[in-house]
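Below is one structure; the comments refer to it alone.
Readers should treat all values here as calculations from the given coordinates under stated rules, not as data from a laboratory. Predicted, not measured: the structure shown is a model, and the values here were computed from it. Cβ: placed from backbone, ideal geometry, glycine included. Neighbour counts: every protein chain shown.
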Amino acid sequence: MASMQLMRKENAIVHEVMQDSPKSPEARLGMKVEDLWDVQEPQLSPTEKLNACFESIPVSAFPPAPSSQVIEIKSDTSLAEAVQILSEHKILSAPVVDVDAPEDASWIDRYIGIVEFAGIVVWILHQSEPPSPRSTTPGSALEVAVNRVTNAANFGILGPEDAQATSGNFFEALTSSEFYKNTKVRDIAGSFRWAPFLALQKSNSFLTMLLLLSNYKMKSVPVVDLGEAKIDNIVTQSSVIHMLAECAGLQWFESWGTKKLSEIGLPLMTRDHVVKVYEEEPVLQAFKLMRKKRVGAIPIVDSSGIKVVGNISIRDVQFLLTAPEIYHDYRSITAKNFLTAVRSYLKKHQGTSPFVSGMMVCTKNHSVKELIMKLDSEKIHRVYVVDDAGNLEGVITLRDIISRLVHEPYGYFGDFFDGVLPLPLNSRV
């Protein structure tokens, strides 16, 4: 289990290195905020100052994402290929390009939605469900699954029952089936709450982008080039946290970042509200809970319910599809078995990864800056807050941190959402 001990010393070393090295694009952006900060009205609160600074900076000023993370997937790509693409590029989702769209299509008509691990989770859950007692279709759950007509409109409807336990060879059979090989991205591609997805123009403000990533729970925000009718950049929660880490030492950042987590109201989600799964429950229960509760990861706890033994994120579903053979010897794939099998697989094939090193913990007495520096260096999306005895007290996500950086002024978005089509009530996402 990764800890945050000695972090203050690590931060001092990191900051010293930053001073001696060329400024990164993120640090230069931070300097622009610093210049704006210095000319704000003195009677404004620090949060009001930051709001004003970020409102003055266009989203086009945000450094471009690495080319490996600005990926588009064609609508006729197979699900198997899409899983491989998302896994290889270490991204949670990608926009889906309609292969039948005309060359002069607007960006709204060019894309049909988003393919994401969250949607893949729902697809898997439907394949793992046993046939209804009233069903007249004979055969095993897998046979029923591979003969089922996929109905994307119903993907969002998950029953209240617990996820089914699956045998160790279930995913080997599923991934080798013709059904899996022939399922196309367009069959499972979903949208955000706005179709095909909510995107920003280059002229939109930095504040707008930060609010969408926090208050509106978007893990990434595409920035479109209207002239080219395509996505120009994708800003993620992780990239914002990286920018903040690069701003360590600047006055505006230090005035906020040196506060203790408890001083800014973190964690937002306390122990009684943390969605968790017990280590002996089916691993699919973890993914089902993530989907139903709309969270990106959940802790695995022991029988006491307050000791965290591991973490499963939505992207970890890839290991059920890309390495199904690693569960072959298990009678059933529990959360505990999943952790054991995947950690062993990663140590053998990848060496180090956040999954292998385990989840990160902190206490309420750590500072925001310490947390940001650690989250950025470890490339993880959440930290579990524990007490002195190591018992779970809450969870802090990247979204939580961003939400404490800025606030949404009353009526800020106005008719912002009127220009996009809302999805039907039974839409999957």
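Expressed as a fraction of 2.2 N^0.38 Å, the C-alpha radius of gyration for the range 272-369 is 1.11. For HIS366, nonlocal amide neighbours, meaning residues 5 or more places apart or on other chains whose placed amide H falls under 5 Å from its own, are LEU261. Applying a DSSP loop filter and a limit of 12 other Cβ atoms within 10 Å to the trypsin sites (Lys or Arg not before Pro) in the range 289-377 leaves ARG294, ARG331. Derived scalar couplings between HN and Hα for the range 172-181 equal 5, 5, 5, 6, 9, 6, 5, 4, 5, 5 Hz in order, rounded to whole Hz, by the Karplus curve 6.51 cos²θ - 1.76 cosθ + 1.60 (θ = phi - 60°), x for Gly and Pro. Using bins of 10 Å that start at zero, the share of Cα-Cα pairs per bin across the range 53-122 amounts to 18, 40, 31, 11, 1, in whole %. Classification of the range 187-330 by its C-alpha gyration tensor yields an oblate form. The axis ratio a/c (a ≥ b ≥ c) is 1.5 or more, and b/c is at least a/b.
Amide H contacts under 5 Å for TYR278: VAL301, restricted to partners 5 or more places along the chain or on a different chain, H placed in the peptide plane at 1.01 Å from N. Residues in the range 206-213 carry Karplus couplings, in order, of 4, 4, 4, 4, 5, 5, 5, 6 Hz; the curve used is 6.51 cos²θ - 1.76 cosθ + 1.60 with θ = phi - 60°, and Gly or Pro positions show x. Only Cα sites of the range 225-301 enter the Debye sum here, all with the same form factor; the resulting log10 I(q)/I(0) across q = 0.13, 0.15 1/Å is -0.73, -0.85, listed in q order. As a length-normalised measure over Cα pairs under 8 Å and 6 or more apart, the relative contact order of the range 197-302 settles at 15 percent.
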